[in-house]
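Undergrad: My questions all concern the structure below.
The values are calculated or read from the model by the stated rules, or taken from the named source; none is laboratory data. Remember, it's a predicted structure, so these values are computed and weren't measured experimentally. Neighbour counts are summed over all protein chains in view; Cβ atoms, including those assigned to glycine, are modelled from backbone coordinates with ideal geometry.
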Amino acid sequence: MKKLLFTLLACTTCLIGQAQDLLIKRNGDELQVKVLEINLEEIRYKRFDNLKGPIIAIAKGEVFLIKYENGTKVTFTDVAQPAKQQIPGIPGRTGYPQANLKLGGPRLGFTVLSQKYRDHLVEEYDREVSAFMTQFGWQFETRVFTLDNGTSGLFEFVPLVGGLEQGKFLPSLSALVGIRSAKGLEFGVGPNVTLGGAGLVLAVGTNFQSQGVNFPVNLAVAPSKDGMRLSLLFGFNSRKY
């Protein structure tokens with residue numbers, strides 16, 4: 001009987017030792033941790049996937065909520081926020097810059113080509129393609145600043161390769177400057193270069209977030225004197241630490 005009680009106690013202790021807490025930051029990142037200490041200025045914890053690793057400290061002003069393994073939640077609403085700074089180029093506006101926060105991830109989707117654009121490819125490059133083609137590429141995103149209302153300023157660089165399903169190699173490069181609202185709605189504009197020439201690209205979309213991973217969905221229009229392209233792209237990206 002004593003051995004059985006000892007075994008049950010050991011199993012219970014092991015399960016408690018493996019319990020994890022969830023720390024949610026104000027920028028939306030969710031971290032699985034083991035909270036060790038909360039003081040007036042910071043929260044100290046260890047990563048749950050590296051409990052033997054170093055103790056990490058984070059300012060309380062960066063944390064929105066902690067959900068403990070037993071279901072108890074603590075919301076940090078009255079703590080001092082990080083010092084606001086003037087946003088370059090926006091007189092009178094302040095925010096939490098998070099300067100040069102970089103994200104990256106794959107993009108895929110499809111593009112619909114106008115007949116004029118297809119004719120241009122044949123005339124100039126002797127490349128005949130169908131009106132519908134797939135796209136594969138990568139998104140490089142830099143979050144330049146974040147205002148106190150959650151609006152972010154972005155710079156994105158998106159290289160793509162289209163037409164692979166047709167045995168073609170049609171590269172394109174887009175560089176966009178944009179804005180993303182606190183709810184994930186975004187708009188961007190910038191130059192676009194392809195084999196068909198150079199032009200402007202306009203993009204609108206939304207961004208879903210789960211556990212620190214972003215899932216963007218964008219509709220882009222690229223008009224030019226040689227024709228128009230309409231693209232729908234989606235994918236995911238995460239913060240580069």
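Undergrad: Considering every residue within the range 43-57, establish whether at least one is on the phi > 0 side of the Ramachandran plot and either surrounded by 10 or more Cβ atoms within 10 Å (Cβ to Cβ) or at pLDDT below 90 (or both). Steps first, please.
TA: In the first step, residues of the range 43-57 are kept if they are on the phi > 0 side of the Ramachandran plot; the result is none.
Scanning the range 43-57, I find no residue that is on the phi > 0 side of the Ramachandran plot and either surrounded by 10 or more Cβ atoms within 10 Å (Cβ to Cβ) or at pLDDT below 90 (or both), so the answer is no.
Undergrad: Considering each of 130, 210, 224, 231 in turn, give the residue that is polar (S, T, N, Q), more than 15 Å from residue 105 (Cα to Cα), modelled with pLDDT under 90 and not assigned by TED's automatic domain parsing to the domain that holds residue 32.
TA: The match here is 224.
Undergrad: Separate question: Regarding residue 52, is this residue assigned to a strand (DSSP E or B) and without any contact (Cβ under 8 Å) to a residue 24 or more places away in the chain?
TA: no
Undergrad: Examine the range 188-203 for a residue that is of a type in the set (Ser, Thr, Tyr), loosely packed, with under 15 Cβ neighbours inside 10 Å and modelled with pLDDT under 95, and state whether such a residue exists.
TA: no
Undergrad: If you take the residues in the range 130-143 that are of a type in the set (A, V, I, L, M, F, W, C) and surrounded by fewer than 18 Cβ atoms within 10 Å (Cβ to Cβ), which one is farthest from residue 102 (Cα to Cα)?
TA: 131
Undergrad: Taking residue 111, is it without any contact (Cβ under 8 Å) to a residue 60 or more places away in the chain and hydroxyl-bearing (Ser, Thr, Tyr)?
TA: So residue 111 fails the test.
Undergrad: Mind checking which residues of the range 111-159 are acidic (Asp, Glu), closer than 25 Å to residue 185 by Cβ and outside any strand (DSSP E or B)?
TA: 148
Undergrad: Let me ask you something else. Report, ordered by the first and then the second residue, all pairs with beta carbons closer than 7 Å, sequence separation of six or more or different chains, a first member in the range 161-180 that is under 14 Å from residue 107 (Cβ atoms) and hydroxyl-bearing (Ser, Thr, Tyr), and a second member that is modelled with pLDDT under 90 and surrounded by 15 or more Cβ atoms within 10 Å (Cβ to Cβ).
TA: If the second residue must be modelled with pLDDT under 90 and surrounded by 15 or more Cβ atoms within 10 Å (Cβ to Cβ), the pairs left are 172/194.
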